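Please treat every number below as a calculation from the coordinates, not as lab data. Since this is a predicted model, take the numbers as computed values, not measurements. Positions of Cβ are backbone-derived with ideal geometry, glycine not excepted, and every protein chain shown enters the neighbour counts.
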Amino acid sequence: MTRSSNARMRASRKAPTLLRAIGGQVPLRWVVCAIGLAIATLHPAALAAQSLFGCRDLSSAQTPTLEGRQGVFFRIDPDLLTYNRFSDEIVASIGVLSRNLAEKGTTLIVVPVPAKALAMPQFLGPDTAAYGYDPALALTIYEDTLARLKSAGVEAIDARHALRTSVSGEMAFFMADPRLTNAGLLALAQEIAGRLHTAPANEGTAVYVSEPTGARTLPSQDRLNLQMHCLTPLPDVTTMGFETVGEDPAPAEGATPVIVVGTELTGAPELNFAGFLSELSGLKVDQLSVPGDPIAALSAYLTSEGYLENQPEFLVWEVPSWANLGLRGDQPLREVTAAARNDCSEDLVVTQAAQNRVRVDLSGIAPDGTSSLRLDTGAGAPARADFHFVSKTGAERTRPVMRAEGQPLTGRFFMPLTGLWPDGTASVEIETVIDPDALPQVALCRG
């Protein structure tokens with residue numbers, strides 16, 4: 001009898017034992033996979049190709065995913081994108097935003113968070129190349145993005161370098177979830193804290209201490225979606241929890257010197273990014289995040305009373321490097337650049353045109369594209385406002401402004417008067433939820 005036939009006989013004897021052990025109490029597909037795994041023990045090449053967790057068809061998961069080394073999972077899009085979406089137009093708009101904030105005494109610090117594969121290339125598996133991912137090219141493009149932001153006058157953080165060099169013994173991202181761990185966030189905070197220079201030195205600083213509170217397991221829909229394709233439990237989304245408190249001297253009252261806006265990458269309530277940044281900089285840090293939408297987080301802050309009344313010394317904007325900031329056209333970035341300047345000197349006359357609709361005369365405004373409208377609806381804080389512009393010849397053009405799901409509503413909208421008619425605009429009717437006893441305010445602003 002040959003060696004291969006002996007192996008097949010031993011495999012056939014092992015299968016019934018396995019069936020008896022599981023007692024027929026699990027789905028049939030699990031039984032088939034378990035038998036396959038038993039047979040694979042006789043074939044080292046087949047065993048090497050097996051998933052650590054018995055995962056199959058990950059490319060057809062709700063978010064198509066690839067299993068890398070040591071149980072680290074990468075989303076095909078965006079974790080394995082070689083290119084990012086920081087076009088020259090986007091970079092130029094961020095440059096305008098930075099300059100407008102500087103007029104108010106605020107330094108913008110942009111933090112382009114690298115994709116998981118760029119931050120943790122050592123965990124990429126051999127199948128990565130099949131999806132067109134080139135780690136060297138991805139790094140070149142990321143570094144080029146930082147260089148172009150710098151050329152536009154924007155202070156940007158090399159988050160990839162921070163995550164690759166400052167995380168010791170722990171992963172920067174969770175294994176089965178796309179968010180950063182507290183170890184990764186601490187590395188980012190260390191890099192950013194070095195840019196938070198105050199003058200004179202140490203004025204307004206305090207002592208903050210971050211104390212561990214024990215391991216925390218975060219809820220993760222991404223992990224649950226992957227688990228549907230795997231036989232054995234995937235790694236929990238667990239990280240050490242921390243709580244940061246201010247010690248003597250107590251933090252100064254008044255305006256918060258550092259504001260962080262961004263996504264769930266840095267803003268998950270179970271994580272401690274703002275606390276780490278306070279501890280490392282000695283400055284009070286407040287945070288606002290909107291899951292999946294860095295522009296929504298930015299507009300929520302820049303249209304808030306907090307920004308209008310007290311501009312911070314630093315505004316840290318966390319942006320996933322794969323985020324498409326131009327997905328909804330140029331209107332969202334134009335709005336935040338106008339909101340950052342908030343140079344509004346003239347209140348316009350507002351009359352009611354219909355239910356939930358007011359009219360404003362624009363015939364006296366020069367059509368040079370240097371002005372914006374600021375709409376303040378008051379306490380109602382609707383999530384949408386539609387601006388129906390009318391030309392001097394009766395032509396109409398509508399531009400909506402919509403707030404993202406989960407975005408804090410301020411009731412304040414900015415609408416740049418660009419891209420309309422060369423000979424000017426006659427009027428605009430603004431459609432939104434209004435109180436007929438307290439019509440919204442509309443102001444003419446610069447920028």
- Helix-only CD estimate at 222 nm, as mean residue ellipticity for the chain, using -39500 (n - 2.57) per DSSP H run (n ≥ 4): -9000 deg cm²/dmol
- Query: How are the Cα pair distances of the range 252-391 distributed, in percent, across 5 Å bins from 0?
  - Reply: 2, 8, 15, 18, 18, 15, 10, 8, 4, 2, 1
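Can you give the relative contact order of the range 349-442 as a percent, counting alpha carbon pairs under 8 Å and 6+ residues apart?
Working: 193 pairs, mean separation 43.7, N = 94.
RCO, the range 349-442: 47 percent.
If the convex hull of the alpha-carbon atoms of the range 88-339 is projected onto planes in all directions, what is the mean projected area in square nanometres?
The Cα convex hull of the range 88-339, projected and averaged over all directions, gives 14.8 nm².
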- Gyration tensor (Cα) of the chain, equivalent ellipsoid semi-axes in angstrom: 50, 27, 20
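For the range 343-446, take the alpha-carbon Rg, divide it by the Kirkwood Rh, and send me Rg/Rh. Walk me through the numbers on the way to the answer.
Working: Rg = 13.1 Å, Rh = 13.9 Å.
Ratio value, two decimals: 0.95.
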- Query: What is the dipole size for the chain, taken about its Cα centre, with +1 at each Lys and Arg Cβ and -1 at each Asp and Glu Cβ, in debye to the nearest 20?
  - Reply: 2580 debye
- Go through the range 358-367 residue by residue and turn each phi into a ³J(HN,Hα) via Karplus (6.51, -1.76, 1.60, θ = phi - 60°); whole Hz please, and just put x for glycine and proline. 10, 10, 9, 7, 10, 5, x, 9, 5, x
- Item | Residues with amide H under 5 Å from that of THR418, placed H, sequence gap 5 or more | none
- Message: About the Cα centre, and with charges only on the beta carbon of Lys, Arg (+1) and Asp, Glu (-1), how big is the dipole of the range 88-339? Nearest 20 debye, please.
- Response: 480 debye
- Query: What residues have an amide H closer than 5 Å to that of GLN287, excluding those fewer than 5 places away on the same chain, when H is modeled at 1.01 Å from N in the peptide plane?
  - Reply: VAL260
- Computed over the chain: relative contact order in percent, which uses C-alpha pairs under 8 Å that are six or more apart: 15 percent
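Which percent, nearest 5, of DSSP beta bridges in the range 88-339 are antiparallel?
40 percent
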- Item | Options PRO332, THR140, TYR208, ranked by Cα towards positive dipole end of the range 88-339, top entry (Cβ charges) | THR140
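Please rank TYR133, TYR301, fewest neighbouring Cβ atoms within 10 Å first, as an exposure proxy. Could the numbers behind the result be given before it?
Working: TYR133 22, TYR301 25.
Fewest to most other Cβ atoms nearby, the residues stand as TYR133, TYR301.
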- Task: Using the charge dipole of the range 88-339 (Lys, Arg: +1 at Cβ; Asp, Glu: -1 at Cβ; taken about the Cα centre), state which of MET120, PRO312, TYR301 has its Cα farthest towards the positive end.
- Result: MET120
- For the chain, the charge dipole (Cβ of Lys, Arg +1; Cβ of Asp, Glu -1; about the Cα centre) points to a positive end, and the Cα of VAL428, GLN227, LEU188 closest to that extreme belongs to GLN227
- Starting at the first residue of the range 336-348, write each ³J(HN,Hα) from the Karplus equation 6.51 cos²θ - 1.76 cosθ + 1.60 with θ = phi - 60°, in whole Hz, x for Gly and Pro. 5, 5, 5, 5, 4, 6, 6, 9, 10, 10, 9, 8, 8
